[in-house]
Amino acid sequence: MRRDRRPRRDRNGPTVLAGLVALGLLVGRAQDMARGANGLDPLTTTAQMALAPPAIAVGAAIDGVERTAEGWTATARIAEENRALRARLAAIDLYEERVALLERELAASRPSGRRSVPARIVGYAASEGRLTLDVGRRAGITPGMGVVNRDGLLATIQTVTTTGSVALTLGSPSLRFGVMDLSTTPPIVGLARGTGADETEVTFYSPDAPVRVGDAIVTSGFSAALPRGLIVGRVARVSPRPEFGQVRAIVTPAADVGASRAVEVVR
Amino acid sequence: MTGRIGVAFALAYLAAAGQWAWEARHPRLGPDLPVLAAILAGLSLPRPWATAVGWTAGLLHGLAAAQNAALYAGLGAVVAFALASFDRLRDEEAPPVVFVTVALATLAIGGVRTLLAPGEALGRDAVALLVAAGTNGLSALPLRRIVARRDRG
């Protein structure tokens, strides 16, 4: 037998609705007033505290379902991203090796314990390989000191006056200074001299000197004025001379005189 | 009846908590659990109690989400009151009326909410609102059938 459980139409329904709507308006008013003071009303705070436990549980369930669904649908995309990331990591390893090499070369160009005097090139005689600088004896400049820019050694001081000095560029045939090949282990030393062109010839006094094209050449520091480690350039050609017990290398200077106006004299 | 009322309030509490958790992750798309709680209350409780449950579900949601609690509470109460007012909705031959009533209530709630706090993509929000209206309406149908069969015993 069917039992009719439908409730009778009540007369209190509209009254309850009106009362609850009015109560809701009061709560809303309290909310607005609290917001106006940049805060939360006590009812909001209480409701958030009361709803937090089930909300946290539901949130964890939602996250789990979404992560599972994403795992099912994003497999191919993630695999592709992994391949791209592995390639990027390999490239980063190469870049880091290059950076480490550059940092070593940069450190070699800044001799520790040495001060430098800023100077400007005020004259350049290319045919004679001479630079004129605007610093002299008054600034503590003495013959033999190295003139450098950010790329490496440009010249060495030849003559000094009170307020100026003249330096010989690396290509000057009058210039002689000690160097070493930084790319060999241990570094081998040689003697550099200008060839008259924009090149420097380095003579290594060993027929078995393992000099190769591309080797980094720096000053050897065996002079009182020219410190160790100033970048000279890179080996462009190698010419073994077994009959003389030597290996000669042509070095392309790292520093470009034509691109330099502001330089430093290393004291 | 007392047990049924207690269960309805518990569902209202859980619906508000669940909606708060959902909206924290998907603020503009998803179900409207407090509305569903109000629908269930409207289909199964006497009108005063149904109205109170719908109001509670909406109020808790509005407070937890720090939204316009008065609006949410009022609409939850109206949805439950409207459904509880139609005796014939408890008759199994009235599914289209249930669907239309619930869908319209959802559109009203979502529409007012969008008007008060419009998002940047109104078109997308409108589509989401229509989807929610249809989903809620369809959800009400099995609820109505369950309640009607239980009432028939």
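Each value in this text was obtained by applying a stated rule to the coordinates, not by laboratory testing. Quick caveat, the model's predicted, so the values are computed rather than measured. Every residue, glycine among them, receives a Cβ derived from its backbone with ideal geometry; neighbour counts consider all protein chains shown.
For the segment A:64-73, counting C-beta atoms of other chains within 10 Å of every residue's C-beta and taking the mean gives 0.
Could you calculate the FRET efficiency of A:Asp208 with A:Asp151 from 1/(1 + (r/R0)^6), where r is the beta carbon distance between them and R0 is 22 Å, rounded to 0.05? Don't skip to the end; give the middle numbers.
On the way: r = 31 Å, r/R0 = 1.41.
Between A:Asp208 and A:Asp151 the formula returns 0.10.
If you take all C-alpha pairs in the range A:202-267, what percent of them are over 17 Å apart? Walk me through the intermediate numbers first.
Working: 1109 of 2145 pairs.
Roughly 52 percent, rounded to a whole number.
Hey, for a label at B:Arg4 modelled as a point 7 Å past Cα toward Cβ, could you say which residues of the range B:34-62 have their backbone N under 18 Å away? The answer is B:37-55.
Of the residues A:Ala254, A:Ala167, A:Ala47, the one that moves most in a GNM of chain A with alpha-carbon contacts below 10 Å is A:Ala47. Based on Cα contacts under 8 Å between residues 6+ apart, the range A:130-262 shows a relative contact order of 22 percent. Here the Gaussian network model covers chain A, with springs between Cα atoms less than 10 Å apart; of A:Ala236, A:Ala37, A:Ala224, A:Ala37 fluctuates the most. Need one number: the % of Cα-Cα pairs in the range A:183-230 sitting beyond the 11 Å mark. Percentage above 11 Å: 73.
Compute the long axis of helix A:13-36 from its Cα atoms, compare it with the longest principal axis of the Cα atoms of chain A, and write down the angle in degrees, 0 to 90, nearest 10. Roughly 30 degrees between the two axes. Sites count as exposed loop sites when they are chymotrypsin sites (Phe, Trp or Tyr not before Pro), lie in a DSSP loop, and have at most 13 other Cβ atoms within 10 angstrom; the longest stretch of chain A without one is A:1-204.
Take the Cα of A:Leu191, step 7 Å toward its Cβ, do the same at A:Ala100, and the gap between the two points is 3.7 nm. Once you place label points 7 Å from the Cα toward the Cβ at A:Leu89 and A:Ala52, how far apart are they in nm? Label-label distance for A:Leu89 and A:Ala52, simple model: 4.0 nm. Treating r as the C-beta distance of A:Ser127 and A:Thr161 and R0 as 22 Å, the FRET efficiency rounds to 0.50. In the protein assembly as shown, taking the dipole from charged Cβ atoms about the Cα centre, the farthest positive-side position among A:Asn149, B:Phe86, A:Val99 is held by B:Phe86.
The residue list A:Ala249, A:Ala225, A:Thr185 was ranked by how far each Cα lies along the charge dipole of the range A:120-261 toward its positive end, using unit charges on Cβ atoms, and A:Ala225 comes out on top. Considering only A:Leu168, A:Gly194, A:Val238, the residue lying farthest towards the positive end of the dipole of the range A:146-239 is A:Leu168, judged by Cα position with unit charges set on Cβ.
You can think of it this way: the chain between A:Asp63 and A:Arg237 has 56.1 nm of extra reach, that is 0.36 nm per residue less the Cα-Cα gap.
Only four residue types carry charge here, +1 at the Cβ of Lys and Arg and -1 at the Cβ of Asp and Glu. Report the dipole size of the range A:163-267 about the Cα centre in Debye, rounded to the nearest 20. Mind showing how you got there, number by number?
Working: 10 positive and 9 negative charges, 30 e Å.
Dipole magnitude for the range A:163-267 comes out near 140 debye.
In a reduced charge model with +1 at each Lys and Arg Cβ and -1 at each Asp and Glu Cβ, the protein assembly as shown shows a dipole moment near 1180 debye about its Cα centre. Computed over the alpha carbons of chain A, Rg followed by Dmax gives 39.6, 127 Å. With Cα atoms as the point set, the radius of gyration and Dmax of the range A:60-203 evaluate to 27.2, 84 Å.
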